1. Using the count of nearby Cβ atoms within 10 Å as a rough guide to exposure, how do S189, S150 rank from fewest to most?
2. Using a simple spin-label model with points 7 Å from Cα along the Cα→Cβ vector, what separation in nm is obtained for L387 and L400?
3. Around E128, with a cut-off of 14 angstrom between Cβ atoms, what is the net charge of the other residues, counting Lys and Arg +1 and Asp and Glu -1?
4. Could you sort 371-380, 153-162 so that the peptide with the highest average Cβ count within 10 Å comes first and the rest follow in order?
5. Could you let me know the centre-to-centre spacing of segment 409-434 and segment 325-366, using Cα atoms, in angstrom?
6. Which order do the peptides 298-309, 323-334 come out in when sorted by mean C-beta neighbours inside 10 angstrom, highest first?
7. Going by amide H atoms built from the backbone, whose H comes under 5 Å of the H on C257, apart from near neighbours?
8. In whole Hz and in residue order, list the ³J(HN,Hα) couplings for segment 136-146 that follow from phi through the Karplus curve 6.51 cos²θ - 1.76 cosθ + 1.60, θ = phi - 60°; x for Gly and Pro.
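The numbers here are math on the coordinates, done by the rules we state, and not lab data. This is a predicted model, so every value here is computed, not measured. Neighbour counts are summed over all protein chains in view; Cβ atoms, including those assigned to glycine, are modelled from backbone coordinates with ideal geometry.
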Amino acid sequence: MGNIVAIVGRPNVGKSTFFNRLIQRREAIVDSVSGVTRDRHYGKTDWNGHRFSLIDTGGYVKGSDDVFEAEIDRQVELAIDEADAIIFMVDVESGVTPMDEDVAKLLRKVEKPVLLAVNKVDNNKRLENAVEFYSLGLGEYFPIASTNGSGTGDLLDAVVEALPEVEDEEENELPRFAVVGRPNAGKSSFINALIGEERYIVTDIAGTTRDSMDTRYNRFGFEFNLVDTAGIRRKSKVKENLEFYSVMRSVRAIENCDVCLLVLDATRGFDGQVQNIFWLAHRNHKGIVILVNKWDLVDKETNTLKEYEAMIRREIEPFTDVPIVFISVLTKQRVFKAIETAVKVFESRSKKIKTRQLNDIMLPIIEKNPPPAYKGKYVKIKFCTQLPTPHPQFAFFCNLPQYIRDPYKRFIENKLRQEFDFQGVPITIYFRKK
Ligand code: GDP
Ligand code: GDP
């Protein structure tokens, strides 16, 4: 968890082919920079039990050499800032190109691990040809073929080997909050308002990776850690990178937290980028509190708040059981309430319901509303239990788990939410054979 590996290299060397081999499509996030025909991909992968995130720094804009040069700067800058290790991919078919040399020059100065992957090594002839890449001055290289996967195992072994150790998520019992959202939503202002001055900082716990930082606070009678707060990194030279940086920063902060405080600008609404962050938190089973900031800027009539809230709930269907707090950092409205709510979500996320109590409540509900018969077969649920995981997961044991359909699963989830209060907490339900 938490480690990021970036792939850099000029267009057409096979970066996306490699990325796609490693990442399951549904796990990837695509960040399309508006107005530019270029996507950046982010996804998680697993190699021998080591999970890490992979960024494919992206395609390119067709154009002159100037454009390519700017592009290389952009990729390398992103990789240097955000990654724990860098895979530099080159193509044996075309041999060493001037652009490869430019990238190598930049990478030779980088202190992070750089792994040189010579791609498209599909046969022995090409294996021989690959030696010319020694001239890049990056040492050993890994001959690979992304299309069939040959050599990629050795490369990934080396990647995993090079990655720094990451702290275990469960070590610290204090709530870990991440303040996330789009640029300008008011995250830094929120954090400043929340913490006031330095004196509320209890201690700094340096993260294992350079920029992931937990800072411990004691405020409003609550003790908590803020994870990877905004603004610690240097400003990007390249404008377009800003939005993507903020996405990457959110990704990292989300992975390392218990509860996400998703800040949005009330005057801008719940747009696509906010949606991305929301679902990312959900997929990672993190608690979520939505903070609608800059509420002072909104003209209010009788139902404005209700309507705004309803609009957000429509956007987050079907996971609508999420607290929404309307705040104004400027006027210090409900900043305390925001933290109080986050603490409550943290507690709900960590709570363990006793098996006895769970069965006493859920079995009668199930008896009254049994799963509908499927292909003439009756499903009988006999017993349920909460699994001993850091976020709520429940197993329901029955004779024919394969016949439980999604609507029934949702019904059970809603009942669990009604009975036990899991507001803001994603829950997972399994039906298992007994
Ligand atoms: P990107 O621009 O760096 O992301 O490159 P792509 O992944 O789009 O690949 C560019 C081209 O190289 C595509 O036509 C791929 O099919 C091809 N390619 C990628 N990997 C290999 C490989 O291992 N062997 C061969 N022969 N072709 C490859
Ligand atoms: P960040 O990029 O998410 O960290 O956003 P900032 O905290 O830098 O805030 C962006 C801008 O919004 C700044 O000019 C803030 O002064 C302004 N801002 C933040 N919160 C509020 C608020 O509650 N009301 C108003 N009117 N402006 C705010």
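1. If I rank by nearby Cβ atoms, fewest first, I get S150, S189.
2. Going by the 7 Å Cα→Cβ label model, 2.4 nm.
3. Neighbour charge sum, excluding E128 itself: 0.
4. Final packing ranking: 153-162, 371-380.
5. Measuring centre to centre over Cα atoms gives 14 Å.
6. 323-334, 298-309
7. Placed amide hydrogens put nothing under 5 Å from C257.
8. 6, x, 10, x, 3, 10, 10, x, 9, 10, 5
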